[in-house]
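Remarks on the structure that follows.
The values are calculated or read from the model by the stated rules, or taken from the named source; none is laboratory data. Fair warning: this is a prediction, and the values are worked out from it, not measured in the lab. When we count neighbours, we look across all protein chains shown, and the Cβ atoms used for this are built from the backbone with ideal geometry, even at glycine.
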Amino acid sequence: MRFDPIKIELYRNILNSIAEEMGVALCRSALSTNIKERRDFSCAIFNRHGKMIAQAAHIPVHLGSMPLSVLAAIEKIEMSKGDMIILNDPFRGGTHLPDITLVAPVFIETETPIFFVANRAHHADVGGITPGSMPLSTHIIQEGIRIPPIKIVENDEIRGDVFDLLLSNVRTPEERCGDLESQISTNRIGKQRLIETSEKYGITEVSDYMDQLQEYSARIMRQSLRHLPDGSYSFSDFLDDDGIDNHPIELRVKITIDGTEAIIDFTGSANQVKGSMNATYAITVSAVFYVFQCLANINIPSNSGCLDPIEIIAPVGSIVNAQFPAAVAGGNVETSQRIVDVLLGALAQACPDRIPAASSGTMNNLTIGNQNYTYYETIGGGMGANPNQDGISAIQTHMTNTLNTPIESIETSYPLQIEKYKIRSQSGGSGRFRGGDGIIRTYRLLSPAQVTILSERRKFAPYG
């Protein structure tokens with residue numbers, strides 16, 4: 001088919017708008033504040049091969065990894081019309097156990113799926129040894145229920161046995177039930193919009209332009225790489241420790257630019273650790289996907305084609321490609337940020353005028369809860385300064401894109417009181433351009449609960 005730039009943009013916007021509509025539906029219908037207020041979820045559309053074609057502007061650590069979960073579902077389950085698959089396995093494209101993915105096939109006059117839709121949402125509790133499923137763990141079993149690809153909807157009917165199994169293993173089953181039902185409805189909306197689009201423009205044309213969108217993104221990424229000087233650029237940084245052993249954890253990368261291609265080699269990074277700071281391969285892919293999209297010098301369509309010119313080497317059993325039974329709760333939320341830091345640190349040697357200083361480098365995960373409730377929040381920090389402007393204060397950066405839960409929502413939904421919430425003045429670092437400042441938030445617990453904090457950058461400060 002002849003390349004038509006006008007139609008490329010037409011289909012890009014149609015498909016992106018479907019993913020965005022899915023996100024609006026999920027946000028408005030979810031039960032938990034974590035989804036409806038913080039918006040800790042992502043939605044995307046995939047072609048018949050499980051390649052991501054379009055995504056909403058949601059959570060980077062979700063979006064780069066979801067294609068691997070969709071492929072795992074396709075390979076494991078023979079799907080029929082009206083089916084929907086659930087999974088959260090970090091070793092099958094997942095990130096950590098609270099992030100639950102639902103995948104739905106789209107059939108249009110075919111015996112095999114022609115498209116797929118998927119959404120991933122962070123559930124405030126999925127079992128495990130502490131409320132919120134972000135414990136000081138040494139084995140993934142301690143972090144909650146691990147779900148392989150299974151049908152949660154079959155022939156358009158919700159499987160009660162699967163719901164019962166899942167809800168019997170969490171602390172807040174009513175909230176989990178509401179969020180899962182919202183995820184199911186969200187995929188149904190995405191399916192219907194793809195069917196309507198195919199009826200309007202034809203299945204063949206829609207499928208062909210999905211393929212062209214992938215090729216277009218790959219072409220733009222190659223053009224972006226061509227603007228970088230050829231060579232190899234290395235950088236390393238550290239995680240403070242894994243919460244079990246008091247030893248720093250090194251992450252090392254070498255980026256080799258060769259014309260229109262790049263090799264991202266994490267050889268030399270630490271082996272997977274006892275604690276939960278292990279990142280699965282899906283997380284590492286997400287970080288690379290995010291950084292190189294940011295690097296692209298024009299508005300690149302965000303799909304799987306972006307990674308076509310990029311080879312990722314992540315040694316098996318390392319901190320960036322952890323294997324079962326590694327604990328991974330912190331790998332998703334903390335190690336992902338450090339992977340971004342080392343990638344940007346290496347790229348700063350190739351294009352220093354385009355790379356910011358390091359941001360806060362942590363999601364500052366706070367979980368408060370007991371058997372009756374689970375409150376989860378990521379506390380924002382400062383964005384690193386750019387070469388020509390100050391960093392932004394009190395914001396989530398890089399691999400997360402969540403909002404903060406409004407104080408009014410916290411105090412009406414949980415036995416908590418917020419006594420102070422303000423910017424931590426002068427905390428961002430001085431210089432020609434200042435780094436963004438962090439946040440101070442003071443909580444008062446109105447009933448007994450367990451508090452878990454998973455944070456970073458206490459020993460190794462962000463680089464400037």
Exception for M210 within (1) among the hydrophobic types (A, V, I, L, M, F, W, C); (2) assigned to a strand (DSSP E or B); (3) crowded, with 16+ Cβ neighbours inside 10 Å; (4) more than 21 Å from the chain's Cα centre (by Cα) falls at (2)
Checking the structure you have, find out if any residue of the range 69-76 is more than 30 Å from G144 (Cβ to Cβ), of a type outside the set (D, E) and modelled with pLDDT of 95 or more. no
Failed item, numbered, when N321 is tested on (1) closer than 30 Å to K36 by Cβ; (2) touching a helix residue (DSSP H, G or I) at 6+ places or on another chain (Cβ under 6 Å): (1)
Restricting attention to the range 54-101, which residues are buried (at least 24 other Cβ atoms within 10 Å of the Cβ) and of a type in the set (G, A, S)? A54, G64, S65, S69, A73, G93, G94
Count, please, the residues in the range 311-339 that happen to be of a type in the set (V, I, T) and in a loop (DSSP other than H, G, I, E, B). 4
Output for Cβ contacts, cut-off 6 Å, separation at least six or different chains, first residue at pLDDT 95 or above in the range 136-152, second among the hydroxyl-bearing types (S, T, Y) and not in a strand (DSSP E or B), reads S137/S276; E143/S133; E143/S137; G144/S133
Please indicate, with yes or no, whether at least one residue in the range 263-277 is small (G, A, S), surrounded by fewer than 21 Cβ atoms within 10 Å (Cβ to Cβ) and over 16 Å from A314 (Cα atoms). no
How about the range 69-121: which of its residues are within 17 Å of the chain's Cα centre (by Cα) and among the charged types (D, E, K, R)? D89, R92, D99, R120
Which count do you get for residues in the range 286-303 that are touching a residue at least 40 places away in the same chain (Cβ under 8 Å) and closer than 14 Å to D341 by Cα? 8
If you go through the range 366-376, how many residues are surrounded by fewer than 23 Cβ atoms within 10 Å (Cβ to Cβ) and part of a strand (DSSP E or B)? 3
For the range 11-57 the number of residues that are in contact (Cβ under 8 Å) with a residue 40 or more places away in the chain and either among the acidic types (D, E) or under 24 Å from E215 (Cβ atoms) (or both) is 25
Can you tell me how many residues in the range 78-96 are small (G, A, S) and either at pLDDT below 95 or out of contact with any helix residue (DSSP H, G or I) (no Cβ under 8 Å at 6 or more places or on another chain) (or both)? 2
Conditions (1) crowded, with 17+ Cβ neighbours inside 10 Å; (2) not in a helix (DSSP H, G or I) -> I298 fails only (1)
